[in-house]
1. Quick one: how many residues across segment 278-307 are part of a helix (DSSP H, G or I) and in contact (Cβ under 8 Å) with a residue 60 or more places away in the chain?
2. Any residue in segment 648-655 that is crowded, with 16+ Cβ neighbours inside 10 Å, part of a loop (DSSP other than H, G, I, E, B), touching a Phe, Trp or Tyr at 6+ places or on another chain (Cβ under 7 Å) and among the aromatic types (Phe, Trp, Tyr)?
3. Mind listing whichever residues of segment 228-277 are in a loop (DSSP other than H, G, I, E, B), under 21 Å from LEU215 (Cα atoms) and among the hydrophobic types (A, V, I, L, M, F, W, C)?
4. Which ones in segment 35-54 are buried (at least 24 other Cβ atoms within 10 Å of the Cβ) and outside any loop (DSSP other than H, G, I, E, B)?
5. Would you pick out the residues in segment 567-577 that are buried (at least 22 other Cβ atoms within 10 Å of the Cβ) and either under 17 Å from THR656 (Cβ atoms) or not hydrophobic (A, V, I, L, M, F, W, C) (or both)?
6. Scan segment 185-227 residue by residue and report those that are closer than 20 Å to ALA312 by Cβ, part of a loop (DSSP other than H, G, I, E, B) and in contact (Cβ under 8 Å) with a residue 24 or more places away in the chain.
7. Would you confirm whether any residue within segment 430-443 is buried (at least 16 other Cβ atoms within 10 Å of the Cβ), basic (Lys, Arg) and assigned to a loop (DSSP other than H, G, I, E, B)?
8. Pairs please, first residue from segment 361-384 and outside the structural domain of GLY311 (by TED's automatic domain parsing), second anywhere and in a loop (DSSP other than H, G, I, E, B), Cβ atoms under 9 Å, 6+ apart in sequence or on different chains.
Amino acid sequence: MNSILRKTIVTTGLTGIVLSAAAQKNDNIINVNAAKITSTIQPTMWGVFFEDINMGADGGLYAELVKNRSFEFDTPLMGWKMNGGKVKEGDFLVLNRKAADSVNPRFLRVNVHDAQRAGDMSITNEGFRGMGIKKGVDYNFSVLYSLQKTGVILHVELIDSTGKIVGSTSLTPNDNSEGWHRAEASFAADATVMKAKMRLWFEGNGVIDLDMISLFPSDTWKGRKGGLRADMVQLLADMKPGFIRFPGGCIVEGRDLSQRYQWKKTIGPVEDRQLSINRWNTEFAHRLTPDYYQTFGLGFYEYFQLAEDIGASPLPILNAGMACQFNTAELVPVSQIDPYVQDALDLIEFANGDANTRWGKVRAEMGHPAPFNLKMMGIGNENWGPQYLERLKIFTKAIKDKYPDILLVNSSGTDPNGERFQLLNDSLRKWKADIIDEHYYRRPEWFFQNAKRYDSYDPNGSKVFAGEYAAQSDKTVSVDNKNNWLTALSEAAFMTGLERNADVVYMASYAPLFAHIDAWQWTPDLIWVNNLQAYGTTDYQVQKLYALHKGTNGISILQNGEEIAGKDSLYATAAIDKNTNELIIKLVNAQDKPQVKQIQVDGKKLAANGKLITLQSDDLNAMNSFENPMNVSPKEDALAIKGKQINLTLKPYSFTIVKVKML
């Protein structure tokens, strides 16, 4: 081990990672009883948590390439540039029809006169830190228009940093009847460009109004028009998550209640979804992002659809009548809480109601007649204090009276200990709350030291949702946090304790999920993207391995009659999968030296051959990257089994999974 790194770990309290001075008797023997079931592992055990932070939605998962497509940002022409030698004062005007359309009031009016080439009159959109364009892929352009005077031809061009055209098309709007009309055109790109722009230039003479100027790649997830970025969704699908929590996170609360997430504004035609500023826009002075808004093209319908696509249970989180308590702590009076409660009731109807109900009909008209099979929802995100409990009690009664089978997730605040946590945890357990959401952003040593956190929790009491956690290589909210192998290894060790206590911990998810390399506010994050690429971090590889190999039931695994949770820097959990009839053992060696172990399996006969899956690096600072996305990635080998004995040499700094069929 690097001497500086060793000193850092020891002085911060991670003494368990250092090799013991002397081994104890039988410390090389691990006893597994495959017939002794200790817990039931929920299908939802390992999931993902999505929040529109780090440009996770607009500019990320939502594949729209045009920024400020409907001119609704606080600065109406943000992201756009007007050009042309023939442009005169007043040729480009942003009009506001708020009295007629309060949801999408602004549009662009263009007075085109004697224009023959791009240099005469054009508008250029910069995209979200540029537009990622791929050679050979078709791009779908669309626009809402209204002709005030006919005679305009629209030319759409993708250009690189030198101004070279890498794809183009043209269209002639010709419907001059009253109202708005849609025009569409598709074209292929002939080059790959990381940061292209879209130029729309005008030919002819006429006056045209433009709104919802949009450009999507055709290779979206499942090929859906106006859909999601396929490579980002694929990384989620590859994990086979048990659930997806959405839409946040602090997005749910908003800096104040006017900025809170309101699901009803995110459904229906995209042009009718009211844009909102993203609360991460100005949250951090070190990462100001004034162009960060939510268009809600990725709205609640799309979230439910995404959950269905990847086989995950949906877990929506709703505002509890409280804005972010770190920002404004604005509250809706209890006497005015009814609309917030009604939103929760209506959401269940939207997800599960048949097409004859008010909100079930809306879902059906959007293209999904069948219910989404919602089973759980959260009330509030990281809210705390008696004011939260007062509002939560009202929500709980109303929801349980009408939908008694819906499981409710309740907040335990921002931290895993302290007065805030204690008040909420004690109160919620007295109320016999369904699920309590615990969050922890801590340094790696905290995760190593807390592998036994849930050993003392009552398995017959309220269940735990480890809703947000991530090891911080530096400190919380530090720009220097890294997704390195030390953070991932510490999470792997901690997760052995979550799985060992699966009768207490029903669900867990790392957070945040996505981050754009040019537009992040918070780090570390599970998956990093740029305009063309996406990769899973070391932490992602750990989460994926747990999710793919979770099993159905926990079983006994002991060393010298004790749980394996940190002694000699070893951590372990074991399960069986009744569906595949497999034994699954997970082991974390946090030492800088190999550990030789003999696993003695009782209660079941084993096949002669199994699988050995290893995630390992000798360098605790190792990271994955765009250049080397699989730098730290699982390696699979065949494993010979001798009767009931499995002989292993656990590599230094390793996370190992043993899988073997039971006979």
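1. Final tally of qualifying residues: 9.
2. yes
3. ILE267, LEU275, listed by residue number.
4. Within segment 35-54, TRP46, VAL48, PHE49 qualify.
5. SER569, LEU570, TYR571, ALA572, THR573, ALA574, ALA575
6. Result: GLY227, single match.
7. yes
8. none
The values are calculated or read from the model by the stated rules, or taken from the named source; none is laboratory data. The structure presented is a predicted model; accordingly, all values stated were derived computationally and were not measured. Methodologically, a virtual Cβ is constructed for each residue, glycine included, from the backbone with ideal geometry; neighbour enumeration extends over all protein chains shown.
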